[in-house]
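Engineer: Below are the structure tokens for one structure; questions will follow.
The values are calculated or read from the model by the stated rules, or taken from the named source; none is laboratory data. This is a predicted model, so every value here is computed, not measured. Surface areas here come from the heavy atoms of the whole protein model, side chains and all, with no ligands, DNA or RNA. Shrake-Rupley method; radii C 1.70, N 1.55, O 1.52, S 1.80 Å.
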Amino acid sequence: MSNIIKFPKEIEQPAAPAPVEPAAASAAPNKAPGAGLLAGLVKFVWVATVLVWPILKWVLSIATFFQFVRMLYHWNTPGVYAGWSFLAYFAVLTAITYFVSIYKPKGL
């Protein structure tokens, strides 16, 4: 068998300290975190990007691969800046991948 321990029905609590008076309220109302216009816009863009990310990932990856092949083809052609175009496409693909994968707006 087991030992059953009955707890007392009424537990005496120690006296609570006196409540602390709040400081004077400032004139500007407190905004909820992430309630600004820019934060709302970033949330909207993040949600829209996440929703189309499976398709967008493929499109950006194929376009970046095309720019890579174009860069290799035009490697020694003067006046064609295919290397910079590839770096721009790759930077956008990397930034959007980071934005979707790692970044999460506050309040979501």
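Engineer: Does anyone have the angle between helix 37-73 and the longest principal axis of the chain? Alpha-carbon axes, 0 to 90°, nearest 10?
Structural biologist: 30 degrees
Engineer: In whole percent, how big is the carbon plus sulfur part of the accessible area of the chain, probe 1.4 Å, protein atoms only? Walk me through the numbers on the way to the answer.
Structural biologist: Working: 6900 of 9810 Å².
Within the chain, the accessible surface is 70 percent carbon and sulfur.
Engineer: Per residue, what volume in Å³ does the Cα convex hull of the stretch 51-107 take up?
Structural biologist: Details: hull volume 4.1 nm³, N = 57.
Convex hull of Cα atoms, per residue: 72 Å³.
Engineer: Once both axes come from the Cα atoms, what is the angle between helix 82-101 and the longest principal axis of the chain, in degrees from 0 to 90, rounded to 10?
Structural biologist: It works out to around 20 degrees.
Engineer: Using the Cα atoms of the chain to build a convex hull, what is its mean projected area in square nanometres? It would help to have the intermediate numbers written out before the result.
Structural biologist: On the way: hull surface 77.5 nm².
Projected area, direction-averaged: 19.4 nm².
Engineer: If the chain between Thr49 and Ala91 were fully stretched, how many nm would it gain, using 0.36 nm times the residue separation less the Cα-Cα distance? The partial results should precede the final answer.
Structural biologist: On the way: separation 42, 0.36 × 42 = 15.12 nm, distance 1.65 nm.
Full extension from Thr49 to Ala91 adds 13.5 nm.
Engineer: Could you give the accessible area per residue of the stretch 51-107, probe 1.4 Å, as a whole number in Å²?
Structural biologist: Details: 4500 Å² over 57 residues.
It amounts to 79 Å² per residue over the stretch 51-107.
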